[in-house]
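Working notes, beginning with the structure itself.
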Amino acid sequence: MVRREEFIETVVELIGRAETELGEDVLELLREAEKKEDGHAKMILQSLLKNVEIAREKRVPMCQDTGIPVIFVDVGIDAKLKFDVYDASREAVRIATERVPLRPNSVHPITRENVGNLPIVHCRLVEGDKVRIAVMPKGAGSENVSRQMMLLPGDARRIKDVIVSVVKEAGGKPCPPIFVGVGIGGTFDESAILAKRALLRDVRKMNNFELEILEEINSLGIGPMGLGGKTTALAVLVETECCHTASLPVAVNIQCWANRKAFAVIG
């Protein structure tokens, strides 16, 4: 049985880890990019890597925008839970806000009244008897330039161009070099979740389709922090789902250079 207290402490630990450490997959691509660049682009990447090192050593967030905590919970159908996952997630974020600490980023969408920190929780049932948790702090700079489009079936050949155009329009706003999560198919809402889930993947593992898009994006020359260079994006990650015969949803969820994420399995 998974206890509520265990779930809360695990999420608090994951938030702290995601805010203060980058995964080895992300670090590997940053280091490779630094070796390829020169001039201002190289200095920027060196500064980012130094920032990551200091954050890890001092256990402090690597960015002042600690983001909205996005929490993915996959509950095994044979796992035993006797608590509200959404309520427990909110409690975990409340604790992490003080412990990590996190900047209170949640506001009412109309009045803009600050309400502290409230997570976005995506929960689904899967096979097994474990509970798998992934935490992704999502900053506003990259989220604001993300896009969702309802294309027509005949636009399938334009998907690559559409993705590249979103990155071109974003320019230096999302703090490149970026990670590009793409969701193709499903419905209006499902495509956006697919795009965000794509960013949880090992960023070193891309197929030919993803590598082709990455090459086109890097040919834009936007470069680190928008100041020019060979590296505008570090990875393109695409997830697909079947969709209605008359529609073609495409979502592009951009993540900044700090593709923050942490994972755990309990139960």
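The values are calculated or read from the model by the stated rules, or taken from the named source; none is laboratory data. Please read these numbers as outputs of a predicted model, since none were measured by experiment. With ideal geometry, Cβ positions are generated from the backbone for all residues, glycine too; neighbour counts draw on all protein chains shown.
Would it be correct to say that Ser106 is among the hydroxyl-bearing types (Ser, Thr, Tyr) and either under 30 Å from Leu227 (Cα atoms) or in contact with a Phe, Trp or Tyr (Cβ under 6 Å, 6 or more places away or on another chain) (or both)? Here the answer is no, as Ser106 does not meet what is asked.
Being under 21 Å from Val135 (Cβ atoms) and buried (at least 24 other Cβ atoms within 10 Å of the Cβ) holds for only one residue in Leu237, Leu200, and it is Leu237. Tell me which of these Glu37 doesn't satisfy, since it passes every other one: (1) of a type outside the set (S, T, N, Q); (2) within 28 Å of Ser219 (Cβ to Cβ); (3) free of Cβ contacts under 8 Å to residues at least 40 places away in the same chain. Of the numbered conditions (1) of a type outside the set (S, T, N, Q); (2) within 28 Å of Ser219 (Cβ to Cβ); (3) free of Cβ contacts under 8 Å to residues at least 40 places away in the same chain, the odd one out for Glu37 is (3). Could you check how many residues of region 215-233 are surrounded by fewer than 24 Cβ atoms within 10 Å (Cβ to Cβ) and assigned to a strand (DSSP E or B)? So the answer is 0.
Any residue that is of a type outside the set (D, E, K, R) and on the phi > 0 side of the Ramachandran plot - is there at least one of those in region 14-36? The answer is no, given that none of the residues of region 14-36 is of a type outside the set (D, E, K, R) and on the phi > 0 side of the Ramachandran plot. Within region 100-120, identify whether any single residue is part of a helix (DSSP H, G or I), at pLDDT 95 or above and within 21 Å of Ala140 (Cα to Cα), and answer yes or no. No, region 100-120 contains no residue that is part of a helix (DSSP H, G or I), at pLDDT 95 or above and within 21 Å of Ala140 (Cα to Cα).
When Val100, Val164 are screened for being buried (at least 16 other Cβ atoms within 10 Å of the Cβ), within 22 Å of Arg197 (Cα to Cα) and in contact with a helix residue (DSSP H, G or I) (Cβ under 9 Å, 6 or more places away or on another chain), only Val164 passes.
Scanning region 139-156 for residues that are within 19 Å of Pro224 (Cα to Cα) and surrounded by 16 or more Cβ atoms within 10 Å (Cβ to Cβ) yields Gly139, Gly141, Ser142, Glu143, Val145, Ser146. If you scan region 202-255, which residues turn out to be free of Cβ contacts under 8 Å to residues at least 12 places away in the same chain, of a type outside the set (Ser, Thr, Tyr) and within 26 Å of Met43 (Cβ to Cβ)? Across region 202-255, the qualifying residues are Glu215, Gly221. Looking only at residues in region 241-267 that are of a type in the set (S, T, N, Q) and within 10 Å of the chain's Cα centre (by Cα), the one that is surrounded by the most Cβ atoms within 10 Å (Cβ to Cβ) is Gln255. Using the structure shown, decide if Met43 is at pLDDT 95 or above and assigned to a helix (DSSP H, G or I). It is true that Met43 is at pLDDT 95 or above and assigned to a helix (DSSP H, G or I). On inspection, Glu13 qualifies as acidic (Asp, Glu), closer than 19 Å to Val265 by Cα, at pLDDT 95 or above and touching a strand residue (DSSP E or B) at 6+ places or on another chain (Cβ under 8 Å).
Given Ile178, Ile159, which one is under 21 Å from Ile213 (Cβ atoms), in contact with a Ser or Thr (Cβ under 8 Å, 6 or more places away or on another chain), surrounded by 14 or more Cβ atoms within 10 Å (Cβ to Cβ) and aliphatic (A, V, I, L, M)? Working first, answer last.
Numbers: Ile159 fails: in contact with a Ser or Thr (Cβ under 8 Å, 6 or more places away or on another chain).
Of the residues listed, the single one that is under 21 Å from Ile213 (Cβ atoms), in contact with a Ser or Thr (Cβ under 8 Å, 6 or more places away or on another chain), surrounded by 14 or more Cβ atoms within 10 Å (Cβ to Cβ) and aliphatic (A, V, I, L, M) is Ile178.
If the condition is being in a helix (DSSP H, G or I) and either in contact with a Leu (Cβ under 9 Å, 6 or more places away or on another chain) or under 21 Å from Glu6 (Cβ atoms) (or both), then region 53-80 contributes Ala55, Arg56. If you go through region 35-51 and keep only what is within 22 Å of the chain's Cα centre (by Cα) and either among the hydroxyl-bearing types (Ser, Thr, Tyr) or buried (at least 19 other Cβ atoms within 10 Å of the Cβ) (or both), you end up with Ile44, Leu45, Ser47, Leu48.
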